[in-house]
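In what follows, a single structure is set out as structure tokens and then discussed.
The values are calculated or read from the model by the stated rules, or taken from the named source; none is laboratory data. Given the structure is predicted, the values throughout are model-derived calculations rather than measurements. As a convention, Cβ positions derive from the backbone with ideal geometry for all residues, glycine included, and neighbour counts pool all protein chains shown. Ligands, DNA and RNA are excluded from the accessible area calculation, which covers all protein heavy atoms including side chains. Shrake-Rupley method; radii C 1.70, N 1.55, O 1.52, S 1.80 Å.
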Amino acid sequence: MTSATDWNALADEAFREAFRDLVERRLPSELRFIRKQRPLFDEVSVWYHALAEEGWLAPVWPVEHGGMGLTPAKHMIYVEEWGRLGCPRIPDHGLGLIGPLLLEHGTDEQKAYYLPRILTGEHVWCQGYSEPNSGSDLASLRTAAVRDGDAFVVNGQKIWTTLAHCANWIFALVRTSRDEKVRQKGITVLLIDMTTPGVRVRPIANLRGETDFCEVFFDDVRVPVANVVGQIDQGWDVAKSVLGHERIFLGATTRPEIAIERLEKLARARGAFEDPAFRSRYARHRLDLYDLGSAFERFAKVLRDGGELGADVSMLKIFTTELYQRITEETLTLAGEDARYFDDIEAGNDQVDAMNLFLDSRAPAIFGGSNEIQKNILAKAVLRLPS
Amino acid sequence: MTSATDWNALADEAFREAFRDLVERRLPSELRFIRKQRPLFDEVSVWYHALAEEGWLAPVWPVEHGGMGLTPAKHMIYVEEWGRLGCPRIPDHGLGLIGPLLLEHGTDEQKAYYLPRILTGEHVWCQGYSEPNSGSDLASLRTAAVRDGDAFVVNGQKIWTTLAHCANWIFALVRTSRDEKVRQKGITVLLIDMTTPGVRVRPIANLRGETDFCEVFFDDVRVPVANVVGQIDQGWDVAKSVLGHERIFLGATTRPEIAIERLEKLARARGAFEDPAFRSRYARHRLDLYDLGSAFERFAKVLRDGGELGADVSMLKIFTTELYQRITEETLTLAGEDARYFDDIEAGNDQVDAMNLFLDSRAPAIFGGSNEIQKNILAKAVLRLPS
Amino acid sequence: MPQSIFDDSEGMLAMLRDSVATLASRQPGAASVRQKRAAGADMDKVLWTAMAQAGWTGILIPEDLGGAGLSLTEQAVVSEALGRALISEPVATGAVFASILLARADASVERGRLVAGLVDGSLILAPAWKDGIGRSVSARAADGGYMLSGEKRHVDLAVSATDFLVVAALDGGFGLFSVPAKGVGLSVETAHGVDGAAIGTVRFDQCWLPQAALLARASSEAELLDAAITSARVALAAELAGIASRAVEITIDYTKARVQFGKPIASFQVVQHRLVDMWSDAEFACAAVVNAVETLADGDAQAGRMAVLAAKARAGDAAVSICRRAVHLHGAMGFTDECDIGLYLKRAISLNATLGQPEDLRLEFVNLERAA
Amino acid sequence: MPQSIFDDSEGMLAMLRDSVATLASRQPGAASVRQKRAAGADMDKVLWTAMAQAGWTGILIPEDLGGAGLSLTEQAVVSEALGRALISEPVATGAVFASILLARADASVERGRLVAGLVDGSLILAPAWKDGIGRSVSARAADGGYMLSGEKRHVDLAVSATDFLVVAALDGGFGLFSVPAKGVGLSVETAHGVDGAAIGTVRFDQCWLPQAALLARASSEAELLDAAITSARVALAAELAGIASRAVEITIDYTKARVQFGKPIASFQVVQHRLVDMWSDAEFACAAVVNAVETLADGDAQAGRMAVLAAKARAGDAAVSICRRAVHLHGAMGFTDECDIGLYLKRAISLNATLGQPEDLRLEFVNLERAA
């Protein structure tokens, strides 16, 4: 294993090269550029374990806990190359969310117990925030944890829990008090072993016919008090302290890039680039994507210079999710009568998953805070508009 | 003069023919299809008096007051032909607004005095509703009328008063009481002779460099109590009782029709119809206009069948004003570098007032209740959405 | 809420709407879609039979041929109501398109058999008019009959069909053939349609037909197909308008019930204005359908054709974009398969892509108008 | 609020921004526009002189020619600040375009005279590169010099110019000529520009020039003009981004102050979201300008050209559409000539239409990319 300073000291190009080399050596070719956006753990465990063995699994964790300790700038390269080389997404709640939160708010015992098990893949995590009646409005959550000796007894329900059906631990926000004036108070973070009696998972099929997310039900589930992260009733502060710089990735160009690649493939196969009307519409999307790159760079530069991102970064998230939709809609238009197919459609000797991407593009404008919520926040936090 | 039953008994085509004949005989050719959308009274008085002489000036007034007493269906034809034949707009507040309101709410004395003077053109009216701090929110108006014997003393200011600088009477909403709980109460309708001392008019230039509207200032202006229309403090009910069926004309296809005619002229001159990219964009506008016609017809049919229009008719107003903007924007795009000109631009041997229409198209989306206000109303009155 | 408004002095149209609603209450459209999809089927036989019994497979067939002898007004009303109820049987192709093809074919025993079967539901007819790329279907005289070869794509009811109605090149012109589904040399391949129904690709490989299979011939494909396409587009436009209108209502109901930050989300101004936009789009779609039906009835062929193009484009755009916004306003719920709104979106996409997407239809409109 | 963010470790760019703001506080842009318009003029001589004194007419002219020898970074910062302040002198054409034309011309006494006059403001140079339709300008050798005939359109500064910089066909190639405004055979006609400045059409009717008037020659027009067009487009994009950003700020201030129904209209969610959209568009415009300047500096000619096309298109679209929405959000006030926001809209339209509208620029971008 290489030490953190070594990675960060590498020239950017050399670091890129190291990542590419790793991918060449360890990522099976059938796992590159796969269609499925959210593979289950078993489907990509080869890659997961390979990353762990090579010491590349946890790019931003500190070296002493088995991470690479990358700076935000190097982490950006890591993420860029990941996408560019077609690496499949791995179940990353443990790595990206629970790990960092434990590092910041966990006890030494918690760190010692949980972190290594994330790296080995023994613990696969999911994140239980949303509930049926608290989507955009997290503070209204109702799953209750009542103290009973050295345990909490949890009752309630989570929803939109991504990949809960292949996780064995859940990082859950629960309500431990109703007395507080401010609704954000009285919430506690609990780590719950999903093999505990009373936990039940129901996968929910999505528009594409896949089951990315689930409902998780808790029926008198006993959770040791030792599984609380941070202070009881102060879980809100823990939950919201996700790494600030990671928010830039919500605005990454990846999705519209994938979509425009498909549009171009179909357009070439059908000779659409010879049609000035199509070319004119295509030009708009192409330039939107190009300019998104310029805007992304403006924020990436802040990170590279060691700065912190403000609320304004969510303009990228709004733009990229809407662009993703526009491009997939254009692809359906170009598909003509073939837009009736749920299956992939012919593009010369190849196929294009026009409907798959169109349907997938409905989600990012909602998840991670709907674009309307993002605009509400921008109106207040950046434009300082009155209420 | 022909009696009302005669007009309404005519077949539609014969009625159209009669109107066309009148235009041929009495409208000077230099007044047809003029560029100015809001001519001053003097500029079109020939046509005004001709209409009066022929008995065609007041289409919806009752016959006993010198009107034509047309049904809404016949009135629609009147308005259609007016636009189709390129008749210039005449100052019409007296005919379209004050006349009907006096007919409904005026005393016999008021009718006898004012109505004939509108028909002769002796009284040219304007309408004083808006004030600097009450645009969309009429109920907040502040121009005050304080009772002093048999007169009101008026102080305050009106704004956006269309053609006030060529009017000699103003139909004003004034506040006569501040005690009422509901803000709509305490408002009174006053007819004010603009030659009264203390009335001052300041024309306001608009984006096109013309002066369609004015500010009107009242400085201790004495108005006889006899000039109140309806009840004191109950003016709100008078003001809002404009003829329901006239609201359909806010959604008329006239403006986008004029705009697309210009777009087509420029496109022909520049060979743009040979460019599939332009053709594709043009097709969208053309079909929007065509479909607006279908939607307009849906409401026109209600009127023809003797029905009343609901709040839903304002969907036409929103659509037509936004379409007007889109078409004039397209024309500027087609104009290329010529879009830098304020003056009319060359289109073959002819000229096109591209900038004139583009700038003009900014107004209808605001005036008569901004499109946002229209949507607020539709949300409540038609969709019954909660507040 | 939005609905195509026709003159209905005798209340017949309201009755038709009610009967569709009654059927839908017994056989909910969404459930039927899910069942059909799970089975990989191309139709719901129970629903289709019920529709035939109600007379809806023969609305446009003249009375003297055994049909209802009604007009596009009634067809539009039924199609719109089916759209609202998400009853996704391929009426526009399997009933409307087939009806017009047959009504305009020459009188013959074979035509009589097909018409009777279509009307009473005993036969399932699958019109097949769209050639595979580079594999167009042609017929040649052979053994006292005809031999068909080639491929047809985007065929509804390809699996369930008892008979195909196939347009093929013939002697420098075109012929309309009746082809039994069990015929030798005919094979069907299917793919999943986004609306849950299987879509067929039908291959004819030296498929022999008797003389009587030739139902009609014409010098151009347009002469055989245009009337059928026009009527089918009206039916599609009406169905799309129905989908659009119902999707608005569903979304209004959902956003009134869904509480966030202590208020129904339908009380937020941004949501309200979006709902108003959606409602207005649906109203425009309905008005365009009425205009198409009435303009066609007025008899000016060119004007009628343009009105139909406009209606199909407007209703298709409205339905798809309303459903997209509707899914979004349903939040995460809208992204689940359990929520019906996604099925509306998928159905809208499928119908919008059938017989011309809006962009193509608009260009055709402008080409017609400017050529005039 | 939105602004192009360049590395500015030495604070020089901030200083430049401040000096523009200081000038604007003494000579407000809006007042200058109104004055210019009323006078039918094509420039504000007081402002132009002040800008020349500040060194802004020669930013891009190399030091060895007597200019400031700065880069497009500084030019973009100044142009953006001018845009914000609505100082509408034709810097992109009269300074940037002219500078690059001259910097790339051959060394000569005449070039020296023109450069010096441009830098110190004593000469007003009007580049004239766009031929009238069917009336392109050509030169032929005559009497030991050249004879020019033809017409140039869309010429800024045509009335005030002391010298025109004219591109003309010459011997199968092209030449760049210096033409004195007082020359025999030269006539100027003007029309009102939407931004208040007169726009010239310049006619050359047997206009004789001495040998020394030929500043440069090349085999193609592109070779003479492309570098100047690219730099001018960067300046225009920056100015448009400045207009866009400032229009957002003005509208935020207005909507916060304007009370309706008892609340500032900026508190209504629909208005808030529209303001967020406008702000985001302005941010994208600024980012595109930065990208253009940096990509050009990186040295890959093709990449640089594409970046400039993107920036001019993005900033032009942003400025025009932001100003349109800004006018709308100003309500009736926005429709008056008294309100500055309308002047921003008009200026945005004018710059957006200069050297290529977004639609054309985007197509050029795609053509370049797909040809590669």
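Of the residues making up segment B:282-317, those that are touching a Ser or Thr at 6+ places or on another chain (Cβ under 7 Å) and open to solvent by 20 Å² or more (accessible area, probe 1.4 Å) are B:Gly293, B:Phe296. Contact map, segment A:336-350: residues that are more than 7 Å from chain C (Cβ to nearest Cβ) paired with residues that are of a type in the set (Ser, Thr, Tyr) and surrounded by fewer than 15 Cβ atoms within 10 Å (Cβ to Cβ), Cβ distance under 6 Å, separation 6+ or inter-chain. No pairs are found. Within segment D:311-347, the residues that satisfy the criterion of being closer than 16 Å to D:Glu80 by Cβ and open to solvent by 10 Å² or more (accessible area, probe 1.4 Å) are D:Arg314, D:Tyr344, D:Arg347.
Take C:His273 and decide whether it is assigned to a helix (DSSP H, G or I), out of contact with any Pro (no Cβ under 9 Å at 6 or more places or on another chain) and open to solvent by less than 20 Å² (accessible area, probe 1.4 Å). Answer is yes for this residue. Could you go through segment B:76-87 and let me know if any residue there is over 27 Å from B:Arg222 (Cβ atoms), part of a helix (DSSP H, G or I), of a type in the set (Ser, Thr, Tyr) and touching a residue at least 12 places away in the same chain (Cβ under 8 Å). Yes; the residues of segment B:76-87 include at least one that is over 27 Å from B:Arg222 (Cβ atoms), part of a helix (DSSP H, G or I), of a type in the set (Ser, Thr, Tyr) and touching a residue at least 12 places away in the same chain (Cβ under 8 Å).
Taken together, the criteria exclude B:Leu316 from residues that are under 15 Å from B:Arg247 (Cα atoms), away from chain C (no Cβ under 11 Å) and in contact (Cβ under 8 Å) with a residue 60 or more places away in the chain. Just wondering, is there one or more residues in segment D:239-256 that are within 14 Å of another protein chain (Cβ to nearest Cβ), more than 30 Å from D:Tyr146 (Cβ to Cβ) and basic (Lys, Arg)? Yes. The set of residues in segment D:105-134 that are within 18 Å of D:Leu214 (Cβ to Cβ), open to solvent by less than 70 Å² (accessible area, probe 1.4 Å) and outside any loop (DSSP other than H, G, I, E, B) comprises D:Glu110, D:Arg111, D:Gly112, D:Leu114, D:Val115, D:Leu125, D:Ala126, D:Pro127, D:Ala128. Look through segment D:135-152, keep the residues that are open to solvent by 40 Å² or more (accessible area, probe 1.4 Å) and of a type in the set (Lys, Arg), and return whichever of them is farthest from the other protein chains (Cβ to nearest Cβ). Among those that are open to solvent by 40 Å² or more (accessible area, probe 1.4 Å) and of a type in the set (Lys, Arg), it is D:Arg140. Tallying residues that are touching a residue at least 40 places away in the same chain (Cβ under 8 Å) and part of a helix (DSSP H, G or I) within segment C:12-37 yields 15.
Screening B:Asp6 against (1) surrounded by fewer than 18 Cβ atoms within 10 Å (Cβ to Cβ); (2) assigned to a loop (DSSP other than H, G, I, E, B) leaves a single unmet condition, (2). Looking only at residues in segment D:42-66 that are open to solvent by 10 Å² or more (accessible area, probe 1.4 Å) and among the polar types (S, T, N, Q), which one is nearest to D:Thr201 (Cα to Cα)? Top of the filtered list is D:Thr49.
Collect the residues in segment A:270-281 that are assigned to a loop (DSSP other than H, G, I, E, B) and surrounded by 15 or more Cβ atoms within 10 Å (Cβ to Cβ), keeping them in residue-number order. Show your work before the answer.
We begin by selecting, within segment A:270-281, every residue assigned to a loop (DSSP other than H, G, I, E, B); these are A:270-271, A:275.
A:Arg270, A:Asp275, listed by residue number.
For the subset of segment C:335-362 comprising residues that are facing another protein chain (nearest Cβ under 7 Å) and part of a helix (DSSP H, G or I), which member is nearest to C:Gln35 (Cα to Cα)? The selected residue is C:Gly342. Selection within segment D:153-201: residues that are buried (at least 19 other Cβ atoms within 10 Å of the Cβ) and among the acidic types (Asp, Glu). The member of this set that is nearest to the chain's Cα centre (by Cα) is D:Asp156.
State yes or no: is C:Leu102 aliphatic (A, V, I, L, M), touching a helix residue (DSSP H, G or I) at 6+ places or on another chain (Cβ under 6 Å) and buried (at least 24 other Cβ atoms within 10 Å of the Cβ)? The answer is yes for C:Leu102.
Annotation note: Cβ proximity below 8 Å between a residue of segment B:360-384 that is on the phi > 0 side of the Ramachandran plot and a residue that is crowded, with 22+ Cβ neighbours inside 10 Å (sequence gap 6+ or interchain) occurs for B:Gly369/B:Ser314.
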